[in-house]
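One structure below.
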Amino acid sequence: MVAIKICGVSTPEALDAAIAGKADFVGLNFYPPSPRHVDTWAASALAMRAGSAIGRVGVFVDADDGLIADAVNAASLDAIQLHGQESAQRVAEVRERFGKPVWKVLPVAKADDVAKAEKFSFAADFLLFDAKTPKDAALPGGMGLRFDWSLLEAYRGPVKWGLAGGLTAANVGEAIARTGASLVDTSSGVESGPGLKDVDKIAAFCKAARI
């Protein structure tokens, strides 16, 4: 069964909806420019509310060890997602230092972007292929963009992977069927506005991903 991650969760209502929809993970965003950003206090409160009902993935963009450490401790993170320009060496360093599974996001626009996954085969525990944002974009993701899923047909790497980028209840079933992704990740696809999670859209997405 495909796993589900609802990313950018920042409110108790969104968290409850993800749990009710039987999502496997929520993403807690620790990148300050994002409209989905949570500080360590808010993340801690969400973690206490979640308990063991759902996995928690911390989302970081070129973060230093201090921020990652604070977030790991505050939210009892189950995994660390790196969504910036982190090198394979940096990914390996984060995994060694914190002893948590590390997910590396790889932005995709063309076949060469998928080929870059090979560099992370020794460093990351999980890869997340996401749509590449424009060079002048303020955020590295969460913009509702999608890429050509057929590009993933060439990936034969050893690391498990998931799919992100423009996924909604309307297209997630097709995305799973066409790519064979082991996990689907959505953020803006379950929102009524930037950073505003819609509980009905969360429910619909979770249902569509499991049909």
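The values are calculated or read from the model by the stated rules, or taken from the named source; none is laboratory data. Since we're looking at a predicted model, the values are computed, not measured. Here the Cβ is made from the backbone with ideal geometry for all residues, glycine too, and neighbour counts use every protein chain on show. Accessible surface areas use protein heavy atoms only, side chains included; no ligands, DNA or RNA. Shrake-Rupley method; radii C 1.70, N 1.55, O 1.52, S 1.80 Å.
Residues in segment 56-81 that are open to solvent by less than 10 Å² (accessible area, probe 1.4 Å) and either of a type in the set (Phe, Trp, Tyr) or out of contact with any helix residue (DSSP H, G or I) (no Cβ under 8 Å at 6 or more places or on another chain) (or both): VAL57, VAL59, PHE60, ALA79, GLN81.
Looking at segment 188-211, which of its residues are closer than 17 Å to VAL2 by Cβ, of a type in the set (A, V, I, L, M) and either free of Cβ contacts under 8 Å to residues at least 40 places away in the same chain or open to solvent by 40 Å² or more (accessible area, probe 1.4 Å) (or both)? I'd like the intermediate steps shown before the answer.
At the first step, the residues of segment 188-211 found to be closer than 17 Å to VAL2 by Cβ are 189-190, 202-211.
Next, from what is left, pick out any that are of a type in the set (A, V, I, L, M): 190, 202-204, 208-209, 211.
Across segment 188-211, the qualifying residues are ALA203, ALA204, ALA208, ILE211.
Beta carbons closer than 8 Å, at least 6 apart along the sequence or on distinct chains, pair a first residue in segment 174-187 that is more than 17 Å from LEU28 (Cα to Cα) with a second that is assigned to a helix (DSSP H, G or I) for ALA175/TRP149; ILE176/ALA209; ARG178/TRP149; ARG178/SER150; THR179/TRP149; THR179/LEU152; ALA181/LEU152; ALA181/ALA175. Condition test on LEU167, is it modelled with pLDDT of 95 or more and among the aliphatic types (A, V, I, L, M)? Yes; evaluated as a whole, the condition is true for this residue.
Confirm whether SER87 is hydroxyl-bearing (Ser, Thr, Tyr) and more than 28 Å from ASP198 (Cβ to Cβ). The answer is yes for SER87. Taken together, the residues in segment 170-203 that are under 22 Å from VAL59 (Cβ atoms), assigned to a loop (DSSP other than H, G, I, E, B) and of a type in the set (A, V, I, L, M, F, W, C) amount to 1.
I need the full set of residues from segment 3-41 which are open to solvent by 20 Å² or more (accessible area, probe 1.4 Å) and of a type in the set (Val, Ile, Thr), in order please. Matches in segment 3-41: THR11, ILE19, THR40.
Under the condition of being surrounded by 19 or more Cβ atoms within 10 Å (Cβ to Cβ) and aliphatic (A, V, I, L, M), which residue from segment 176-187 is nearest to VAL9 (Cα to Cα)? Going through the qualifying residues, I end up with VAL184.
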